[in-house]
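Any read-out appearing in this document is the output of simple, stated calculations on the displayed coordinates, not a laboratory observation. All of these numbers come straight from a predicted model, not from anything done at the bench. Cβ: placed from backbone, ideal geometry, glycine included. Neighbour counts: every protein chain shown.
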Ligand SMILES: Nc1ncnc2c1ncn2[C@@H]1O[C@H](COP(=O)(O)OP(=O)(O)O)[C@@H](O)[C@H]1O
Ligand SMILES: [Mg+2]
């Protein structure tokens with residue numbers, strides 16, 4: 001059994017009275033790609049936002065349980081949110097470049113950490129743009145506004161921006177759903193590449209994508225974790241009826 | 001029933017043309033009447049000299065006192081209002097995001113303040129002056145006008161900031177920004193054109209308003225050299241000089257009206273152009 005990076009224990013989350021995450025228990029293994037599967041509306045995005053406490057931006061969210069990460073409970077009221085968020089890069093469904101240049105986007109997180117001068121920033125910006133497989137395409141126009149990039153490039157820029165904060169975990173919420181197939185494949189391959197150094201949690205609704213890159217799979221349905229396990233076992237010998245139906249394409 | 005639907009369509013088309021045309025004609029008539037009266041007196045002397053022999057009786061000189069006074073007053077008021085309204089608008093949309101009820105109250109109060117006629121602000125400014133023991137002056141006018149344009153500025157910024165996609169803020173937070181960093185490094189940049197628009201809007205409202213400066217700035221032939229001196233303003237230059245029996249003085253009032261209108265026109269056009277640029281560069 002691999003070492004687990006994050007342990008989610010008895011997590012319950014409500015929006016108002018609506019029970020969104022129901023007694024969720026997941027062990028996310030270190031340096032692997034954990035894929036979260038499930039039909040839309042089952043709570044995948046909410047789960048991701050609970051991991052880095054972005055749910056705090058919603059006034060109507062209430063949660064209980066614990067999420068253990070490096071000996072701290074992420075859900076504890078006294079947790080330093082800036083600290084845990086810097087440990088987790090987030091890629092969302094649509095790329096969200098910050099309103100600044102390509103360079104500025106990647107440098108943003110570095111500057112927050114106190115790295116200031118352009119001569120210190122430039123080599124790091126290059127390093128992370130390379131890690132996100134974007135450097136060659138943008139090296140001659142680093143000062144262009146980030147929104148001039150194509151959607152696929154923007155998503156890789158967001159990846160580079162997230163990596164620059166030097167996280168240990170990458171949370172990716174359907175990061176390829178707004179992308180063309182080629183850009184999607186680039187991102188996908190990048191994840192396989194990156195899992196040597198990072199723990200990756202990927203939400204997807206594309207079964208084929210899950211089969212290609214998952215090491216560990218969590219299947220959710222209406223807020224419940226129906227089944228979870230190593231990808232091999234999950235895809236070849238699912239134990240739950242719901243899982244079999246889902247893998248058979250019943251929900252698509 | 002087909003004839004009825006066709007008739008309806010036709011009717012509304014005619015109504016639409018009619019109302020649009022009346023609006024445009026109304027604007028043109030107003031502009032034309034002011035410009036016809038005022039433009040002939042727009043000489044170099046008019047815009048480069050202060051009134052000679054008293055603004056109410058003197059036949060010589062121009063309205064430089066009012067032009068410069070109005071610019072000082074509005075710039076000061078806009079600056080003062082900005083110092084308060086920018087942090088408030090940012091805090092409302094970032095720090096206080098989850099306090100829905102408090103936000104509701106703040107927005108309601110600001111809307112009420114927006115709706116209060118400026119004469120009430122003038123009266124309030126006057127009371128405040130007496131209370132603080134300052135005389136009618138540029139400073140008293142700046143404070144009064146700042147209070148008057150504050151709700152306008154905050155709400156105009158607030159409307160732009162409310163529309164910033166929450167996913168943008170989420171990604172800024174997910175990079176480990178504090179709320180204040182999100183406010184000043186992301187929200188401010190994202191909404192900068194909207195903020196400038198809000199400032200211009202407030203400037204336009206401030207420079208054109210008579211009632212808020214009526215009791216607070218006094219009126220003088222001179223250009224103020226300190227915050228504690230009285231100042232002339234363009235709206236009051238129109239108001240006071242139009243009442244004079246002397247034709248040359250009345251002409252100065254019309255010239256002041258033309259200049260005021262031109263300033264407002266320029267501001268409106270600038271606001272429009274900015275708004276258009278804004279739509280072009282943001283995709284989210
Ligand atoms: N801020 C919110 N307030 C109330 N309900 C919400 C909020 N965000 C999400 N939900 C609801 O929570 C459920 C799960 O949503 P989500 O986590 O986005 O699902 P998924 O990502 O699996 O499609 C949905 O029913 C959605 O309507
Ligand atoms: Mg989702």
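Numerical summary
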read-out: Paramagnetic reach from residue A:111 (point 7 Å along Cα→Cβ, amide N under 15 Å) across region A:131-156; value: A:143-146
read-out: C-alpha center-to-center spacing [region B:164-223, region B:49-64] in angstrom; value: 37
read-out: Cα shape, chain B, gyration tensor, a/c 1.5 rule; value: oblate
read-out: Candidates A:166, A:12, A:143: whichever shows maximal mean-square fluctuation once chain A is modelled as a Gaussian network with Cα springs under 10 Å; value: A:143
read-out: Residue order, fewest to most surrounding Cβ atoms within 10 angstrom, among A:220, B:1, A:100, B:153; value: B:1, A:100, A:220, B:153
read-out: Dimensionless Rg over Rh [region B:18-97; C-alpha; Kirkwood]; value: 1.24
read-out: Convex hull of Cα atoms in the protein assembly as shown, direction-averaged projection (nm²); value: 35.8
read-out: Relative packing of A:27-38, B:224-235, which averages over residues the other C-beta atoms within 10 Å, highest first; value: A:27-38, B:224-235
read-out: Dimensions in Å of chain A - Rg and Dmax from alpha carbons; value: 18.2, 58
read-out: Fewest-first sequence of B:45, A:168 by Cβ atoms within 10 Å of each Cβ; value: B:45, A:168
read-out: Alpha carbon centroid spacing (whole Å) that separates region A:103-165 from region B:112-156; value: 47
read-out: Inter-chain Cβ neighbour average for residues A:81-91, partner chain, 10 Å; value: 3
read-out: For chain B, built as a Gaussian network whose Cα springs stay under 10 Å, the top-fluctuating residue of B:154, B:166, B:258; value: B:166
read-out: Helical mean residue ellipticity (222 nm; -39500 (n - 2.57) per DSSP H run of 4+; nearest 500) of chain B; value: -24000 deg cm²/dmol
read-out: Degrees separating the helix B:118-132 axis from the principal Cα axis of chain B, which is the longest one; value: 80
read-out: Helical contribution to [θ] at 222 nm, DSSP H n ≥ 4, -39,500 (n - 2.57), averaged over chain A, rounded to 500; value: -10000 deg cm²/dmol
read-out: For A:95-102, mean number of other protein chain Cβ atoms within 10 Å; value: 5
read-out: Hydrodynamic radius by Kirkwood, which averages 1/r over all alpha carbon pairs of region B:2-41, in angstrom; value: 12.2
read-out: Shape call, region B:184-284: gyration tensor on alpha carbons, a/c limit 1.5; value: prolate
read-out: Coordinate range along principal axes, alpha carbons of region A:16-135, Å, largest first; value: 50, 33, 30
read-out: Acute angle (nearest 10 degrees) that the helix B:100-115 long axis makes with the longest principal axis of chain B, alpha-carbon atoms; value: 20
